[in-house]
Structures are given as C-alpha cells and as structure tokens.
Amino acid sequence: MQQTYIMLKPDAVKRGLMGKIISRIEDKGFKIVDAKMFTLTQAQLEEHYAHLKDKPFFPEIVSYMTSGPVLGMIVEGADVIAGMRKLMGATKWLEADAGTIRGDFACNTTQNLIHGSDAEETAKAEIKRFFGK
Ligand code: CDP
Ligand code: MG
C-alpha cells in the first residue's frame, strides 16, 4: 500500500484545526499509521524545503514553520500521494477549490495549513527524514 508524509503546519495546530483536518483524511478512507508532534529545526526545514531556498519568501517560511509544533503523520492508502494532494487543494489559497482543506480553511499562501509529499520519491525521503523509516 502506498504511503505519504503529511504534516499539519503550525497554523493548523494554533487554530485548533487538527481534528477537522484529520477527520477529512479519515473520512476519505485513508489510514493514519504513525503520528507525532514536534517542532521543526532550521536544519530539518532547510532540507525539507530545499527547492525553495532561493525564493524571496523563504525567510518567511522559516519563521512560520518553526513558530510552533507541527503534527507529522504517515498516511496510507491506494494512490494516497495524489489523493492527499487533491484533498489538500492548490498551494495558493486563491487557487484552492472550495471543498479542499486549503480552499475551506486558508486565506494565506504561506500559512496554508498542510504539507503533503508530491511524488513517490519525495514521500519515501520525507518519511525517512521525519520518522526514520
Ligand atoms: O506545499 P506545496 O507542495 O503545495 O507547495 P510548494 O511549492 O512545495 O511550497 C511549499 C510551501 O511554501 C507552501 O505550502 C507554502 O507554505 C510556501 N509557499 C509560499 O509561501 N509562497 C509561494 N509562492 C509558494 C509556496
Ligand atoms: Mg511541496
């Protein structure tokens, strides 16, 4: 069965939206097989968002993502990588359709509540990075 790395970002935790977001994942039929709360270190974040390191908004992402705990999860299911990306909605909040997590709960592109791996290779690397397995 396919697995993906999902992370509820600090705004999801601070806004008390963990339960609602987890319900959407479970209601869809995906299974949460591991979970932990932790605060990202700058080093973990720089590795995780290496593809964004040269962007002008990178410092904003760093201060936001290290501002409080996140909930990291391994989520399992058939085609869960693409399925979770669909449930999450587009990165930019104005492009995220209503009915998606970002479309319904976010009105800021940086503080967009949730991370989900975008491909099989990144899912494997992110599960290893954050869960060591
Ligand atoms: O999270 P996703 O895979 O949808 O998008 P990404 O391109 O991998 O970007 C990672 C994160 O950087 C986003 O989820 C946003 O929090 C942030 N970002 C931003 O603040 N402004 C952008 N123009 C693009 C991304
Ligand atoms: Mg991404």
Open item on the list: Among (1) assigned to a helix (DSSP H, G or I); (2) more than 14 Å from ligand 2 (Cβ to nearest atom); (3) of a type in the set (Gly, Ala, Ser); (4) modelled with pLDDT of 95 or more, there is one condition residue 123 misses while meeting the rest; what is its number?
Closed with: (2)
Task: Test for residue 110: is it closer than 19 Å to residue 5 by Cβ, within 14 Å of ligand 2 (Cβ to nearest atom) and polar (S, T, N, Q) - done: no
Open item on the list: Pairs needed: first member in the range 44-62, closer than 20 Å to residue 125 by Cα and touching a residue at least 40 places away in the same chain (Cβ under 8 Å); second member anywhere, more than 10 Å from ligand 1 (Cβ to nearest atom) and assigned to a helix (DSSP H, G or I); C-beta distance under 8 Å; at least 6 residues apart or different chains.
Closed with: 44/129; 44/130; 47/129; 48/126; 48/129
Open item on the list: Among (1) part of a helix (DSSP H, G or I); (2) more than 16 Å from ligand 2 (Cβ to nearest atom); (3) open to solvent by less than 90 Å² (accessible area, probe 1.4 Å), there is one condition residue 67 misses while meeting the rest; what is its number?
Closed with: (1)
Open item on the list: So for the range 93-100 (the condition being touching a residue at least 12 places away in the same chain (Cβ under 8 Å), closer than 22 Å to residue 129 by Cα, open to solvent by less than 50 Å² (accessible area, probe 1.4 Å) and not in a loop (DSSP other than H, G, I, E, B)), does at least one residue qualify?
Closed with: no
- [ ] From (1) loosely packed, with under 15 Cβ neighbours inside 10 Å; (2) out of contact with any strand residue (DSSP E or B) (no Cβ under 6 Å at 6 or more places or on another chain); (3) closer than 19 Å to residue 122 by Cβ, pick out the condition that doesn't hold for residue 29.
- [x] (3)
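Quick grid of which residues meet (1) open to solvent by 70 Å² or more (accessible area, probe 1.4 Å); (2) out of contact with any Lys or Arg (no Cβ under 8 Å at 6 or more places or on another chain):
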{"residue": "24", "(1), (2)": "no, yes"}
{"residue": "48", "(1), (2)": "no, no"}
{"residue": "106", "(1), (2)": "no, yes"}
{"residue": "114", "(1), (2)": "no, no"}
{"residue": "118", "(1), (2)": "yes, no"}
TODO: Would you mind telling me which numbered condition in (1) touching a residue at least 12 places away in the same chain (Cβ under 8 Å); (2) open to solvent by less than 30 Å² (accessible area, probe 1.4 Å); (3) at negative phi residue 85 fails?
DONE: (2)
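The values are calculated or read from the model by the stated rules, or taken from the named source; none is laboratory data. It should be emphasised that the depicted structure is a prediction, and the values quoted were computed from it without experimental measurement. Backbone-built Cβ (ideal geometry, glycine too); neighbour counts: all protein chains shown. Surface areas here come from the heavy atoms of the whole protein model, side chains and all, with no ligands, DNA or RNA. Shrake-Rupley method; radii C 1.70, N 1.55, O 1.52, S 1.80 Å.
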